[in-house]
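Notes to accompany the following structure.
Any read-out appearing in this document is the output of simple, stated calculations on the displayed coordinates, not a laboratory observation. Source: prediction; values computed, not measured. Reconstructed Cβ throughout: ideal geometry from the backbone, glycine too, with neighbour counts over all protein chains shown.
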């Protein structure tokens, strides 16, 4: 059961940010495992269990990120990340662009949680727009849910040239290249308590209708084949 992160968690994150090299990491590996990785796994497992009680099969899979960067993609950076996250998703790790995920992330700068695509493919977003064109009531209902809450914000990259007039009710969704709903917090006292799990789970509960909708898009026919 998740009991909270600690000051050691924060100290490690700042330490690896400014000492991103193997000797420093190896000297502090126990601190990483006990104060960062272990509570992240405990939080992830608790969130997964809570979410899977609310949804029908197939249940959501869990992935906790590794601290090790891909050696092929260092681009001048050190071999370690200074942040960790976990994701809950359907599908598998080979399809991050077709299935959205619920996520929680922690870095030296704060924590965040949300729902969205790692980087949605143009095909998925074309299916999204086709779904709106065919049945706007479904997305209008979700938009009303979105407007009734203030915890999550719509994030993503909009098209430079809007595909729907900006005065239309669903334009803010329709004109996105990819979609995410996210919430950010600084490193506050909540981070150090079990109540963090309750807040993240409540956030995921709010996001489930959106997750279900976006997760269903991959099964839609290609827009030009409808």
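Data for the structure
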read-out	value
Angle between the chain longest axis and helix 122-134 axis [Cα atoms, degrees, rounded to 10]	40 degrees
Relative contact order for the chain, counting Cα pairs under 8 Å that sit 6 or more residues apart, in percent	22 percent
Sum of -39500 (n - 2.57) over DSSP H runs of 4+, divided by residues of the chain (222 nm, nearest 500)	-11500 deg cm²/dmol
Among 45, 141, 197, residue whose mean-square fluctuation peaks in a GNM of the chain (springs only between Cα atoms under 10 Å)	141
Fewest-first ranking of 138, 42, using other Cβ atoms within 10 Å as the exposure measure	138, 42
Relative contact order (%) - segment 118-199, alpha-carbon pairs under 8 angstrom, separation at least six	32 percent
Order of 89, 12 under a 10 Å beta carbon neighbour criterion, fewest first	89, 12
Where Rh is the Kirkwood radius over Cα pairs, Rg/Rh for segment 7-220	1.00
Antiparallel content of DSSP bridges confined to the chain, in %, to 5	100 percent
Fewest-first ranking of 106, 37, using other Cβ atoms within 10 Å as the exposure measure	37, 106
